[in-house]
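Asker: This is the structure I have questions about; it appears just below.
The values are calculated or read from the model by the stated rules, or taken from the named source; none is laboratory data. These figures come from a predicted structure and were not determined experimentally. Don't worry about glycine lacking a Cβ; one is built from the backbone with ideal geometry, like all the others, and counts go over all protein chains shown.
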(Lines give C-alpha, C1' and ligand atoms only; values in the text may rest on other atoms or scores of the structure.)
Protein backbone atom coordinates (compact mmCIF):
# COMPACT_ATOMS: atom_id res chain seq x y z
CA UNK A 1 0.00 0.00 0.00
CA UNK A 2 2.81 2.39 0.90
CA UNK A 3 4.61 1.60 -2.36
CA UNK A 4 1.39 2.25 -4.27
CA UNK A 5 0.93 5.62 -2.59
CA UNK A 6 4.56 6.58 -3.15
CA UNK A 7 4.38 5.57 -6.79
CA UNK A 8 1.34 7.79 -7.39
CA UNK A 9 2.89 10.59 -5.35
CA UNK A 10 5.96 10.51 -7.60
CA UNK A 11 3.69 10.63 -10.66
CA UNK A 12 1.80 13.60 -9.28
CA UNK A 13 5.02 15.44 -8.46
CA UNK A 14 6.43 14.64 -11.90
CA UNK A 15 3.22 15.90 -13.52
CA UNK A 16 3.30 19.13 -11.52
CA UNK A 17 6.96 19.73 -12.38
CA UNK A 18 6.22 19.09 -16.06
CA UNK A 19 3.27 21.50 -15.93
CA UNK A 20 5.42 24.23 -14.35
CA UNK A 21 8.13 23.72 -16.98
CA UNK A 22 5.58 23.93 -19.80
CA UNK A 23 4.09 27.13 -18.35
CA UNK A 24 7.52 28.72 -17.92
CA UNK A 25 8.83 27.66 -21.35
CA UNK A 26 7.45 30.77 -23.13
CA UNK A 27 9.07 32.98 -20.47
CA UNK A 28 12.42 31.33 -21.09
CA UNK A 29 12.03 31.66 -24.84
CA UNK A 30 11.18 35.34 -24.55
CA UNK A 31 14.24 35.94 -22.38
CA UNK A 32 16.61 34.08 -24.67
CA UNK A 33 15.29 34.74 -28.18
CA UNK A 34 13.42 38.04 -28.11
CA UNK A 35 15.97 40.64 -27.05
CA UNK A 36 16.52 43.70 -29.21
CA UNK A 37 19.32 46.20 -29.74
CA UNK A 38 19.11 49.20 -27.37
CA UNK A 39 19.03 52.60 -29.07
CA UNK A 40 19.74 55.87 -27.29
CA UNK A 41 16.78 58.27 -27.31
CA UNK A 42 17.78 61.86 -28.07
CA UNK A 43 14.27 63.28 -27.72
CA UNK A 44 14.00 66.10 -25.17
CA UNK A 45 10.48 66.07 -23.70
CA UNK A 46 8.46 69.19 -23.02
CA UNK A 47 6.68 67.44 -20.15
CA UNK A 48 9.70 66.29 -18.16
CA UNK A 49 8.20 66.23 -14.66
CA UNK A 50 8.76 62.65 -13.36
CA UNK A 51 5.20 62.58 -12.06
CA UNK A 52 3.90 62.93 -15.62
CA UNK A 53 6.68 61.49 -17.78
CA UNK A 54 5.98 57.82 -18.51
CA UNK A 55 8.45 55.35 -20.00
CA UNK A 56 8.03 55.21 -23.76
CA UNK A 57 8.47 51.42 -23.88
CA UNK A 58 5.23 51.12 -21.92
CA UNK A 59 3.25 52.00 -25.05
CA UNK A 60 4.40 48.68 -26.48
CA UNK A 61 4.41 46.68 -23.26
CA UNK A 62 0.84 47.59 -22.30
CA UNK A 63 -0.38 45.50 -25.23
CA UNK A 64 0.00 41.99 -23.71
CA UNK A 65 -2.63 42.81 -21.08
CA UNK A 66 -4.88 44.13 -23.84
CA UNK A 67 -4.33 40.91 -25.78
CA UNK A 68 -6.09 39.12 -22.95
CA UNK A 69 -8.94 41.65 -23.11
CA UNK A 70 -9.21 41.04 -26.85
CA UNK A 71 -9.11 37.26 -26.32
CA UNK A 72 -12.14 37.47 -24.04
CA UNK A 73 -13.88 39.57 -26.67
CA UNK A 74 -13.06 36.98 -29.34
CA UNK A 75 -14.36 34.24 -27.06
CA UNK A 76 -17.61 36.13 -26.50
CA UNK A 77 -17.98 36.58 -30.25
CA UNK A 78 -17.43 32.88 -30.95
CA UNK A 79 -19.92 31.62 -28.35
CA UNK A 80 -22.53 34.20 -29.31
CA UNK A 81 -23.71 31.75 -31.96
CA UNK A 82 -21.38 28.79 -31.39
CA UNK A 83 -20.04 26.69 -28.53
CA UNK A 84 -16.97 27.13 -26.31
CA UNK A 85 -15.08 24.23 -27.89
CA UNK A 86 -15.08 26.15 -31.19
CA UNK A 87 -12.84 28.84 -29.74
CA UNK A 88 -9.12 28.51 -30.53
CA UNK A 89 -7.59 28.48 -27.05
CA UNK A 90 -4.11 27.59 -28.31
CA UNK A 91 -4.35 30.33 -30.94
CA UNK A 92 -5.16 32.90 -28.26
CA UNK A 93 -2.23 31.81 -26.07
CA UNK A 94 0.13 31.74 -29.04
CA UNK A 95 -0.95 35.28 -29.91
CA UNK A 96 -0.06 36.49 -26.43
CA UNK A 97 3.47 35.11 -26.41
CA UNK A 98 4.10 35.85 -30.09
CA UNK A 99 3.13 39.49 -29.70
CA UNK A 100 5.18 39.77 -26.51
CA UNK A 101 8.28 38.48 -28.32
CA UNK A 102 7.88 41.05 -31.10
CA UNK A 103 7.22 43.87 -28.65
CA UNK A 104 10.14 42.89 -26.40
CA UNK A 105 12.45 43.39 -29.36
CA UNK A 106 10.84 46.74 -30.24
CA UNK A 107 10.87 48.00 -26.64
CA UNK A 108 14.68 47.81 -26.59
CA UNK A 109 14.70 50.78 -28.97
CA UNK A 110 12.45 52.76 -26.65
CA UNK A 111 14.00 52.37 -23.21
CA UNK A 112 13.85 48.61 -22.77
CA UNK A 113 11.82 46.01 -20.90
CA UNK A 114 12.41 46.71 -17.19
CA UNK A 115 12.32 43.85 -14.68
CA UNK A 116 9.24 45.07 -12.76
CA UNK A 117 7.22 45.20 -15.97
CA UNK A 118 8.59 41.79 -16.95
CA UNK A 119 7.42 40.27 -13.70
CA UNK A 120 3.93 41.63 -14.22
CA UNK A 121 3.63 40.56 -17.85
CA UNK A 122 5.14 37.14 -17.29
CA UNK A 123 2.80 36.55 -14.35
CA UNK A 124 -0.33 37.45 -16.30
CA UNK A 125 0.97 35.50 -19.30
CA UNK A 126 1.49 32.32 -17.29
CA UNK A 127 -1.89 32.79 -15.57
CA UNK A 128 -3.59 33.35 -18.94
CA UNK A 129 -1.91 30.26 -20.39
CA UNK A 130 -2.96 28.12 -17.43
CA UNK A 131 -6.52 29.46 -17.46
CA UNK A 132 -7.06 28.83 -21.16
CA UNK A 133 -5.29 25.48 -20.95
CA UNK A 134 -7.66 24.30 -18.22
CA UNK A 135 -10.67 25.72 -20.05
CA UNK A 136 -9.63 24.05 -23.29
CA UNK A 137 -9.07 20.72 -21.51
CA UNK A 138 -12.65 20.83 -20.23
CA UNK A 139 -14.49 22.36 -23.18
CA UNK A 140 -12.77 20.12 -25.73
CA UNK A 141 -13.76 16.99 -23.81
CA UNK A 142 -16.62 17.04 -21.30
CA UNK A 143 -17.95 20.34 -22.60
CA UNK A 144 -18.04 19.05 -26.17
CA UNK A 145 -19.81 15.89 -25.03
CA UNK A 146 -22.40 18.03 -23.24
CA UNK A 147 -23.14 19.91 -26.49
CA UNK A 148 -23.57 16.60 -28.32
CA UNK A 149 -26.08 15.46 -25.72
CA UNK A 150 -27.84 18.82 -25.94
CA UNK A 151 -28.22 18.72 -29.69
CA UNK A 152 -28.41 21.63 -32.13
CA UNK A 153 -30.81 23.76 -30.10
CA UNK A 154 -29.04 26.07 -27.65
CA UNK A 155 -29.98 25.90 -23.97
CA UNK A 156 -30.94 29.02 -22.00
CA UNK A 157 -27.61 28.99 -20.17
CA UNK A 158 -25.75 28.89 -23.48
CA UNK A 159 -27.31 32.25 -24.31
CA UNK A 160 -26.88 33.59 -20.79
CA UNK A 161 -23.20 32.62 -20.63
CA UNK A 162 -22.65 34.23 -24.04
CA UNK A 163 -24.19 37.46 -22.74
CA UNK A 164 -22.08 37.28 -19.59
CA UNK A 165 -18.94 36.82 -21.71
CA UNK A 166 -19.85 39.82 -23.90
CA UNK A 167 -20.58 42.02 -20.88
CA UNK A 168 -17.30 40.96 -19.27
CA UNK A 169 -15.33 41.74 -22.44
CA UNK A 170 -16.92 45.20 -22.62
CA UNK A 171 -16.21 45.79 -18.92
CA UNK A 172 -12.52 45.02 -19.43
CA UNK A 173 -12.16 47.85 -21.95
CA UNK A 174 -11.90 50.36 -19.10
CA UNK A 175 -11.95 48.53 -15.74
CA UNK A 176 -9.52 45.90 -14.30
CA UNK A 177 -10.83 42.33 -14.44
CA UNK A 178 -10.68 41.77 -10.68
CA UNK A 179 -13.49 44.29 -10.15
CA UNK A 180 -15.99 42.19 -12.10
CA UNK A 181 -18.89 40.70 -10.14
CA UNK A 182 -18.20 36.98 -10.64
CA UNK A 183 -20.51 36.13 -7.74
CA UNK A 184 -23.31 37.85 -9.62
CA UNK A 185 -22.64 35.64 -12.63
CA UNK A 186 -22.83 32.54 -10.45
CA UNK A 187 -26.17 33.68 -9.03
CA UNK A 188 -27.52 34.46 -12.51
CA UNK A 189 -26.59 30.99 -13.78
CA UNK A 190 -28.31 29.37 -10.81
CA UNK A 191 -31.45 31.47 -11.24
CA UNK A 192 -31.78 30.81 -14.99
CA UNK A 193 -31.08 27.07 -14.80
CA UNK A 194 -34.05 25.13 -16.24
CA UNK A 195 -32.77 21.81 -14.95
CA UNK A 196 -31.96 20.48 -18.42
CA UNK A 197 -28.76 18.50 -18.95
CA UNK A 198 -26.93 21.35 -20.68
CA UNK A 199 -28.12 24.02 -18.26
CA UNK A 200 -27.02 21.95 -15.29
CA UNK A 201 -23.64 21.25 -16.88
CA UNK A 202 -23.13 24.97 -17.64
CA UNK A 203 -24.18 25.97 -14.13
CA UNK A 204 -21.71 23.56 -12.54
CA UNK A 205 -18.77 24.11 -14.92
CA UNK A 206 -19.03 27.88 -15.22
CA UNK A 207 -19.98 28.19 -11.56
CA UNK A 208 -16.70 26.53 -10.55
CA UNK A 209 -14.76 28.76 -12.97
CA UNK A 210 -16.39 31.98 -11.72
CA UNK A 211 -15.95 31.03 -8.05
CA UNK A 212 -12.26 30.37 -8.65
CA UNK A 213 -11.90 33.71 -10.41
CA UNK A 214 -13.76 35.49 -7.62
CA UNK A 215 -11.32 34.11 -5.07
CA UNK A 216 -8.29 35.00 -7.20
CA UNK A 217 -9.73 38.47 -7.84
CA UNK A 218 -9.78 39.19 -4.10
CA UNK A 219 -6.11 38.28 -3.85
CA UNK A 220 -5.17 40.48 -6.82
CA UNK A 221 -7.30 43.40 -5.61
CA UNK A 222 -5.59 43.29 -2.22
CA UNK A 223 -2.16 43.16 -3.86
CA UNK A 224 -2.96 46.10 -6.13
CA UNK A 225 -4.34 48.12 -3.22
CA UNK A 226 -1.14 47.58 -1.22
CA UNK A 227 1.10 48.44 -4.19
CA UNK A 228 -0.92 51.49 -5.25
CA UNK A 229 -3.09 52.07 -8.29
CA UNK A 230 -1.75 53.23 -11.64
CA UNK A 231 -2.34 56.85 -12.64
CA UNK A 232 -5.65 57.38 -14.41
CA UNK A 233 -4.64 60.58 -16.19
CA UNK A 234 -1.74 61.78 -18.33
CA UNK A 235 -0.43 64.99 -19.87
CA UNK A 236 0.21 65.75 -23.51
CA UNK A 237 1.32 68.65 -25.68
CA UNK A 238 -0.84 69.79 -28.60
CA UNK A 239 -1.37 72.61 -31.09
CA UNK A 240 -4.12 73.36 -33.62
CA UNK A 241 -6.91 73.92 -31.08
CA UNK A 242 -7.41 76.77 -28.63
CA UNK A 243 -7.79 76.27 -24.90
CA UNK A 244 -11.55 76.84 -24.88
CA UNK A 245 -12.14 74.21 -27.59
CA UNK A 246 -9.98 71.69 -25.72
CA UNK A 247 -11.75 72.20 -22.41
CA UNK A 248 -15.12 71.93 -24.17
CA UNK A 249 -14.30 68.30 -24.97
CA UNK A 250 -14.88 67.35 -21.34
CA UNK A 251 -12.40 65.57 -19.03
CA UNK A 252 -9.67 67.82 -20.50
CA UNK A 253 -7.83 70.33 -18.32
CA UNK A 254 -5.52 72.99 -19.76
CA UNK A 255 -2.33 73.02 -17.66
CA UNK A 256 -0.09 75.44 -19.55
CA UNK A 257 -0.40 77.61 -22.63
CA UNK A 258 2.46 79.16 -24.60
CA UNK A 259 2.77 80.75 -28.01
CA UNK A 260 4.02 77.44 -29.41
CA UNK A 261 1.80 74.83 -27.73
CA UNK A 262 -0.72 73.87 -25.04
CA UNK A 263 -0.14 71.30 -22.30
CA UNK A 264 -3.32 69.45 -21.35
CA UNK A 265 -4.31 66.71 -18.92
CA UNK A 266 -6.61 63.91 -20.08
CA UNK A 267 -7.98 60.51 -18.98
CA UNK A 268 -6.15 57.36 -20.03
CA UNK A 269 -7.11 53.95 -21.43
CA UNK A 270 -10.18 53.56 -23.64
CA UNK A 271 -11.41 57.10 -23.02
CA UNK A 272 -8.13 58.44 -24.41
CA UNK A 273 -8.60 56.63 -27.72
CA UNK A 274 -12.01 58.29 -28.25
CA UNK A 275 -10.68 61.67 -27.09
CA UNK A 276 -7.65 61.67 -29.42
CA UNK A 277 -9.87 60.74 -32.36
CA UNK A 278 -12.22 63.63 -31.59
CA UNK A 279 -9.31 66.03 -31.18
CA UNK A 280 -7.81 64.97 -34.51
CA UNK A 281 -11.19 65.55 -36.18
CA UNK A 282 -11.17 69.10 -34.80
CA UNK A 283 -7.72 69.85 -36.19
CA UNK A 284 -5.46 69.07 -33.23
CA UNK A 285 -1.81 68.36 -33.89
CA UNK A 286 -0.09 66.12 -31.33
CA UNK A 287 3.48 67.00 -30.32
CA UNK A 288 4.10 64.57 -27.46
CA UNK A 289 2.11 62.32 -25.15
CA UNK A 290 3.29 61.62 -21.58
CA UNK A 291 6.68 63.07 -22.51
CA UNK A 292 7.17 60.74 -25.51
CA UNK A 293 7.42 61.11 -29.27
CA UNK A 294 6.58 57.49 -30.23
CA UNK A 295 3.35 55.58 -29.66
CA UNK A 296 1.64 52.33 -30.67
CA UNK A 297 -1.93 51.63 -31.67
CA UNK A 298 -3.93 48.63 -32.81
CA UNK A 299 -6.04 48.71 -35.95
CA UNK A 300 -8.34 46.23 -37.67
CA UNK A 301 -8.08 45.37 -41.37
CA UNK A 302 -9.42 42.72 -43.76
CA UNK A 303 -7.46 39.49 -43.75
CA UNK A 304 -4.56 39.34 -46.15
CA UNK A 305 -3.80 43.07 -46.08
CA UNK A 306 -0.26 44.26 -45.26
CA UNK A 307 0.20 47.44 -43.24
CA UNK A 308 3.78 47.28 -41.99
CA UNK A 309 2.71 46.13 -38.55
CA UNK A 310 5.01 45.16 -35.71
CA UNK A 311 2.81 42.10 -35.26
CA UNK A 312 -0.48 40.95 -36.78
CA UNK A 313 -2.86 38.05 -36.20
CA UNK A 314 -6.41 37.05 -37.04
CA UNK A 315 -9.29 37.82 -34.70
CA UNK A 316 -11.52 34.87 -33.89
CA UNK A 317 -15.19 35.21 -34.72
CA UNK A 318 -14.70 38.40 -36.73
CA UNK A 319 -12.96 37.24 -39.90
CA UNK A 320 -10.42 40.08 -39.91
CA UNK A 321 -6.92 40.86 -38.63
CA UNK A 322 -5.53 42.98 -35.80
CA UNK A 323 -2.38 44.99 -36.57
CA UNK A 324 0.02 46.48 -34.01
CA UNK A 325 1.35 49.70 -35.55
CA UNK A 326 4.06 52.04 -34.26
CA UNK A 327 4.42 55.68 -35.29
CA UNK A 328 5.64 59.09 -34.22
CA UNK A 329 3.22 61.02 -32.01
CA UNK A 330 3.44 63.87 -34.53
CA UNK A 331 2.07 61.53 -37.23
CA UNK A 332 -0.85 60.30 -35.13
CA UNK A 333 -3.25 63.15 -36.00
CA UNK A 334 -2.94 62.57 -39.75
CA UNK A 335 -3.26 58.80 -39.30
CA UNK A 336 -6.45 59.20 -37.25
CA UNK A 337 -8.00 61.50 -39.83
CA UNK A 338 -7.06 59.12 -42.65
CA UNK A 339 -8.53 56.17 -40.73
CA UNK A 340 -11.95 57.82 -40.99
CA UNK A 341 -11.90 56.94 -44.71
CA UNK A 342 -13.18 53.33 -45.04
CA UNK A 343 -11.35 52.93 -48.35
CA UNK A 344 -8.04 53.01 -46.48
CA UNK A 345 -8.66 49.49 -45.16
CA UNK A 346 -7.70 50.21 -41.54
CA UNK A 347 -10.05 50.88 -38.63
CA UNK A 348 -8.67 52.22 -35.35
CA UNK A 349 -9.17 49.91 -32.39
CA UNK A 350 -7.11 51.27 -29.50
CA UNK A 351 -4.31 53.77 -28.90
CA UNK A 352 -1.89 52.41 -26.32
CA UNK A 353 -0.82 55.02 -23.83
CA UNK A 354 2.02 54.42 -21.43
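Asker: Checking the condition touching a helix residue (DSSP H, G or I) at 6+ places or on another chain (Cβ under 8 Å), part of a helix (DSSP H, G or I) and outside the structural domain of residue 308 (by TED's automatic domain parsing), which residue from 135, 118 passes?
Answerer: 135
Asker: Can you tell me which residue is surrounded by the fewest Cβ atoms within 10 Å (Cβ to Cβ) among those in the range 22-57 that are in a loop (DSSP other than H, G, I, E, B) and under 21 Å from the mean Cα position of the chain (by Cα)?
Answerer: 55
For (1) modelled with pLDDT of 95 or more; (2) within 23 Å of residue 354 (Cα to Cα), each residue gets a yes or a no:
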| position | (1), (2) |
| --- | --- |
| 265 | yes, yes |
| 268 | no, yes |
| 287 | yes, yes |
| 290 | yes, yes |
| 309 | no, yes |
| 321 | yes, no |
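Asker: While we're looking at this one, here's another question. Which one of these does residue 229 not meet: (1) under 30 Å from residue 340 (Cβ atoms); (2) in a loop (DSSP other than H, G, I, E, B)?
Answerer: (1)
Asker: Tell me yes or no: at least one residue of the range 328-336 is within 26 Å of residue 80 (Cα to Cα) and without any contact (Cβ under 8 Å) to a residue 60 or more places away in the chain.
Answerer: No, the range 328-336 has no match at all.
Asker: Output yes when any residue across the range 75-96 is surrounded by 18 or more Cβ atoms within 10 Å (Cβ to Cβ) and in contact with a strand residue (DSSP E or B) (Cβ under 7 Å, 6 or more places away or on another chain), and no when none is.
Answerer: Yes, some residue in the range 75-96 is surrounded by 18 or more Cβ atoms within 10 Å (Cβ to Cβ) and in contact with a strand residue (DSSP E or B) (Cβ under 7 Å, 6 or more places away or on another chain).
Asker: Of all strands (runs of 3 or more DSSP E) completely enclosed by the range 243-337, which ones contain at least 1 residues that are in contact with a strand residue (DSSP E or B) (Cβ under 8 Å, 6 or more places away or on another chain) and closer than 26 Å to residue 69 by Cβ?
Answerer: Fully inside the range 243-337 and qualifying: 262-267, 285-289, 294-302, 311-314, 320-328.
Asker: Hey, another quick one. Test residue 336 against the stated conditions and say whether it is crowded, with 18+ Cβ neighbours inside 10 Å, more than 24 Å from residue 171 (Cα to Cα) and over 25 Å from the mean Cα position of the chain (by Cα).
Answerer: So residue 336 fails the test.
Asker: Taking the range 338-354 as the region of interest, how many residues are in contact with a helix residue (DSSP H, G or I) (Cβ under 9 Å, 6 or more places away or on another chain) and assigned to a loop (DSSP other than H, G, I, E, B)?
Answerer: Here the count works out to 4.
Asker: State the number of residues belonging to the range 171-198 that are part of a helix (DSSP H, G or I) and surrounded by 14 or more Cβ atoms within 10 Å (Cβ to Cβ).
Answerer: 10
Asker: Could you please let me know if residue 96 is closer than 20 Å to residue 36 by Cβ and assigned to a helix (DSSP H, G or I)?
Answerer: yes
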